[in-house]
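Structure first, commentary second.
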Amino acid sequence: MRNYEVTFIVDPVLSGDEIKATAQTYVDQLTSHGATIVHKDEMGLRQLAYPINKRTSGVYYCIEVQVSNGEFVEKIELAMRRDDRVIRFLCYRLDKFGVKYNEDKRAGKIGKTKSKSEGDSSAPKGVTKTLGKPKPTPVKKEAIKTQAKMSESKAAVAATVTEEEE
Amino acid sequence: MASRDDIKFLSNPKIGNQRKKYCRFKKYGIKYIDYKDPDFLLQFINAQGKILPRRITGNSLKYQRKMASSIKRARHLAMLPYVTDLLK
């Protein structure tokens, strides 16, 4: 079985009932193609990062489904492309880690713990100069010559980089 | 004798020391990068909305690639901008 995620943005100009009806049509279509709905997530009205078709906000929906094969993707994408009410969509096949992540997220495991562990570890900035080159590990005698050439070229690249940054 | 703790430096002696970069995905065991989480992806883009290179983020190649494609998906869904100014 494969897990897919169908995310789409519905036009916010429509009334609340119409928006829900639009989402429901795609849920129905998915089930008619033989998919079982794992989860239907209404992310609600969000501000778009850039205007699409002169709209600055949109209603986000994300449906996670489980199907035996991926034949439904073409059909559902065609339907969405033809539909004026949907302004953006994305079908994405989840790997096993993605499935687990979504399960954990629904269980409420991810969110607080994640922001804690990653909030502290912001990328070290301003350490662009003089990067430690990985030490060439001697693997074979034959490879040493080529590696020497490689490291020379790397050094040259690094030099140019530092020059640019200064 | 005076130990190192007793010595007062005029400037912070840690200045100039390079902190070792690491891949946070490997360190914290994150296997999946969600494209629907723009707040998290915001850590890997600069003020213009460009993806930061590996030499700055310190990510391993595998997760840098995954992260980059997640950012691109988020851009497509208008969760992150393609181009902008003063994002942060």
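The values are calculated or read from the model by the stated rules, or taken from the named source; none is laboratory data. From a predicted model like this one, the values you see are computed outputs, not experimental measurements. Don't worry about glycine lacking a Cβ; one is built from the backbone with ideal geometry, like all the others, and counts go over all protein chains shown.
B:Lys14 meets the stated requirement of being exposed (fewer than 10 other Cβ atoms within 10 Å of the Cβ) and either at the interface with another protein chain (Cβ under 8 Å from one of its Cβ atoms) or basic (Lys, Arg) (or both). Note on region B:28-86: residues that are farther than 22 Å from A:Arg55 by Cβ, at the interface with another protein chain (Cβ under 10 Å from one of its Cβ atoms) and among the β-branched types (Val, Ile, Thr) total 4. Scanning region A:42-60 for residues that are buried (at least 17 other Cβ atoms within 10 Å of the Cβ) and within 11 Å of chain B (Cβ to nearest Cβ) returns A:Leu48, A:Ala49, A:Gly58, A:Tyr60.
Would a scan of region B:55-69 turn up a residue that is of a type in the set (Gly, Ala, Ser) and not in a loop (DSSP other than H, G, I, E, B)? Yes - at least one qualifying residue is present in region B:55-69. Could you tell me whether region B:40-50 includes any residue that is over 25 Å from A:Asn102 (Cα atoms), at pLDDT 90 or above and buried (at least 19 other Cβ atoms within 10 Å of the Cβ)? Scanning region B:40-50, I find at least one residue that is over 25 Å from A:Asn102 (Cα atoms), at pLDDT 90 or above and buried (at least 19 other Cβ atoms within 10 Å of the Cβ), so the answer is yes. Checked against (1) within 11 Å of chain A (Cβ to nearest Cβ); (2) modelled with pLDDT of 90 or more, B:Lys20 passes all but a single condition, namely (2). Each residue in region A:81-96 was checked for being farther than 17 Å from A:Val67 by Cα and at the interface with chain B (Cβ under 9 Å from one of its Cβ atoms), and 3 of them qualify. Hey, does region B:71-84 have a residue that's under 15 Å from the mean Cα position of the chain (by Cα) and assigned to a helix (DSSP H, G or I)? The answer is yes; a qualifying residue exists.
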